[in-house]
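Below is one structure, written out as structure tokens; comments come after it.
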Amino acid sequence: MLQNVPPIRLVALDLDGTLLNHEGKVTSRTQAALQAAADRGVAIVPTTGRPLGNLPPVVAQLPGIRYAITSNGAAVWDLGDDPLAAVYSRYSNAAQRRTAEPVCLLHRLMPVETAREAFAMFMEYEGGMGVFCNGYSVKDQAGVDFQAVRLARLHSTEARQPNDGRFLVVRDLGEWMTRHAHEVEKQCLFFARQEQVAGALARFRAMPGIEVVQGSPENIEVTAAGVDKGEAVLALADRLGIDRRATLAVGDSENDRAMLEKAGVSAVMANGIPEVKALADYVSEADCDHDGVAEILEKLGV
């Protein structure tokens with residue numbers, strides 16, 4: 001265990017490329033390590049760029065899950081005693097499922113005009129667009145189809161998952177935005193042409209009022225200014241009465257940077273990008289497909 005650090009009481013876990021392997025599963029060794037931590041009273045907190053409705057069922061059913069940080073920190077949820085039912089409440093086919101209403105402890109939305117301006121810029125590029133709103137992942141059919149093709153290629157660290165109702169598919173995403181721009185947690189585009197990403201990043205970073213990160217080399221994600229995973233982790237720790245130094249963040253990519261910088265202890269996966277590995281107190285020897293999270297928890301005595 002690191003020196004002069006209190007025992008870890010909250011573990012913030014990125015999902016894609018970290019907790020989940022490329023098949024969207026959590027390995028048995030990692031499940032056992034999470035169970036051991038939960039048995040010691042450690043809060044296990046999925047901390048993801050996804051909206052609540054895209055939290056995988058396998059994650060919602062892990063030991064110790066009660067809270068979740070979603071949309072890159074724009075929302076913090078109390079999932080109650082039935083986390084899976086809380087996740088299903090944000091599915092498009094929720095009426096056919098067992099659901100429970102989660103409590104949103106923190107909700108930081110994009111300003112209306114900022115959301116509209118960012119959306120208009122995204123629409124200048126070809127790709128798969130998604131807008132996150134009140135825990136829902138809103139797409140049009142073209143966006144759903146684009147994502148299916150992209151994940152079939154395993155062109156990113158994002159775990160492969162079916163569309164089992166986790167997307168709210170609308171006829172026209174632009175028309176939907178005219179009515180819901182005041183409810184936007186996050187916007188995200190996976191680019192069809194990766195060579196356009198660098199130029200688009202420069203344009204978005206020049207736009208006032210937003211945070212801009214990447215979850216993978218081919219995407220751009222935007223939230224309101226000041227919103228990031230790190231601020232959300234600290235806010236949840238404060239709410240639970242946990243010393244900020246007793247928090248552990250585990251990630252692999254650029255959108256994990258803020259929580260790695262702000263948590264008491266930071267750990268990065270072997271498959272993490274070099275820029276975030278440089279921030280880590282500990283870098284795993286194993287990647288997300290080979291029990292990297294379990295290794296981190298075991299090595300740090302969590």
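A few points about this structure:
- Filtering segment 134-145 to residues that are over 20 Å from the mean Cα position of the chain (by Cα) and open to solvent by less than 60 Å² (accessible area, probe 1.4 Å) leaves only Asp140.
- Residue satisfying all of: in segment 105-115; in contact with a helix residue (DSSP H, G or I) (Cβ under 9 Å, 6 or more places away or on another chain) and exposed (fewer than 15 other Cβ atoms within 10 Å of the Cβ); nearest to Leu236 (Cα to Cα) among these: Val112
- Conditions (1) within 27 Å of Gln194 (Cβ to Cβ); (2) over 15 Å from the mean Cα position of the chain (by Cα); (3) charged (D, E, K, R): number failed by Arg98: (1)
- Restricting attention to segment 217-269, the residues being part of a helix (DSSP H, G or I), out of contact with any helix residue (DSSP H, G or I) (no Cβ under 7 Å at 6 or more places or on another chain) and not charged (D, E, K, R) number 4.
- Filtered residue count, segment 189-216, keeping only those that are surrounded by fewer than 15 Cβ atoms within 10 Å (Cβ to Cβ), in contact with a strand residue (DSSP E or B) (Cβ under 7 Å, 6 or more places away or on another chain) and assigned to a loop (DSSP other than H, G, I, E, B): 1
- Matching helices (runs of 4 or more DSSP H) fully within segment 108-183 where at least 1 residues are modelled with pLDDT of 95 or more and among the aromatic types (Phe, Trp, Tyr): 112-122, 173-180
- Picking from residues in segment 13-60 that are touching an Asp or Glu at 6+ places or on another chain (Cβ under 9 Å) and assigned to a strand (DSSP E or B), the one that is surrounded by the fewest Cβ atoms within 10 Å (Cβ to Cβ) is Asp16.
- Residues in segment 74-84 that are open to solvent by 10 Å² or more (accessible area, probe 1.4 Å) and either under 14 Å from the mean Cα position of the chain (by Cα) or closer than 23 Å to His22 by Cβ (or both): Leu84 alone.
- Each residue in segment 285-302 was checked for being open to solvent by less than 50 Å² (accessible area, probe 1.4 Å), among the charged types (D, E, K, R) and not in a loop (DSSP other than H, G, I, E, B), and 1 of them qualify.
- Answer residue from segment 239-284, given it is open to solvent by 30 Å² or more (accessible area, probe 1.4 Å) and of a type in the set (Val, Ile, Thr) and is nearest to the chain's Cα centre (by Cα) among those: Ile273
- Screening segment 228-238 for residues that are among the charged types (D, E, K, R) and under 20 Å from Ile210 (Cα atoms) and picking the one that is least open to solvent (accessible area, probe 1.4 Å) gives Lys229.
- Number of the exception - Ser71 against (1) open to solvent by 20 Å² or more (accessible area, probe 1.4 Å); (2) touching a Phe, Trp or Tyr at 6+ places or on another chain (Cβ under 6 Å); (3) among the small types (Gly, Ala, Ser): (1)
- For the residues Val112, Val87, Val58, Val76, the requirement of being on the phi < 0 side of the Ramachandran plot and touching a strand residue (DSSP E or B) at 6+ places or on another chain (Cβ under 7 Å) singles out Val76.
- Just one of (1) open to solvent by less than 40 Å² (accessible area, probe 1.4 Å); (2) touching a Phe, Trp or Tyr at 6+ places or on another chain (Cβ under 6 Å) fails for Arg97. It is (1).
The values are calculated or read from the model by the stated rules, or taken from the named source; none is laboratory data. Everything quoted here is computed from the prediction, not taken from an experiment. When we count neighbours, we look across all protein chains shown, and the Cβ atoms used for this are built from the backbone with ideal geometry, even at glycine. Side chains are part of the model used for accessible areas, which takes the heavy atoms of the whole protein and leaves out ligands, DNA and RNA. Shrake-Rupley method; radii C 1.70, N 1.55, O 1.52, S 1.80 Å.
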